[in-house]
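For reference, the structure is listed below as C-alpha cells.
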Amino acid sequence: MSLLHCFLKPSRMSLQRCVAGDDMTADDFKEWIRRFDADRDGRISRDELRRAMRALRVRFTRRRSRSGITYADADGDGYIDDSEIDGLVEFARTSLGLRIVAC
Ligand SMILES: [Ca+2]
Ligand SMILES: [Ca+2]
C-alpha cells in the first residue's frame, strides 16, 4: 500500500501501517500533521501535537510534547507554524524515531 493511498483514505489503522512499513517523506509528515490542526489557524498547538502523536500510538507525555514544541518553535510563541514545521520533522525523526526520509 502506498503512502499516497493512505493519505487519500486516512484512518488510524492505515496510517499506522504506512508509518510502520514505509518510509515517510518530510512532505508526507507535514501534510499529515496539518490534519490535526483542529482549529484551522494554520499552526500546531501543544494539544494538537499531542493528538497527532496519540494517533500514531506514540507515547507522548506532556513533557515530551512540550519539548517537541520547544525544539521546533523558533519564535517561542508556543505554536508550530508553517515556517517552523521543519523543526518538528527533525524532532519526530530524532526523538520519536519516526522514519522520515528526505524528499
Ligand atoms: Ca491549530
Ligand atoms: Ca512559533
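Hey, fewest Cβ within 10 Å first, where do VAL101, VAL89 land in order?
Sorted ascending by nearby Cβ count, the order is VAL101, VAL89.
Taking amide H as placed 1.01 Å from N in the peptide plane, the amide H of THR25 sits under 5 Å from that of VAL101, each at least 5 places away or on another chain.
How would you classify region 33-103 from its alpha-carbon gyration tensor, with a ≥ b ≥ c the square roots of the eigenvalues: rounded for a/c under 1.5, else prolate if a/b is greater than b/c, otherwise oblate? Could the numbers behind the result be given before it?
Details: a/c = 1.29, a/b = 1.14, b/c = 1.13.
Here region 33-103 falls in the rounded category.
Rule-based calculations on the coordinates, nothing more; no lab input. As the structure is a computational prediction, the values presented were derived from the model and not from experiment. FYI the Cβ positions are ideal-geometry reconstructions off the backbone, even for glycines, and counts take in every protein chain you see.
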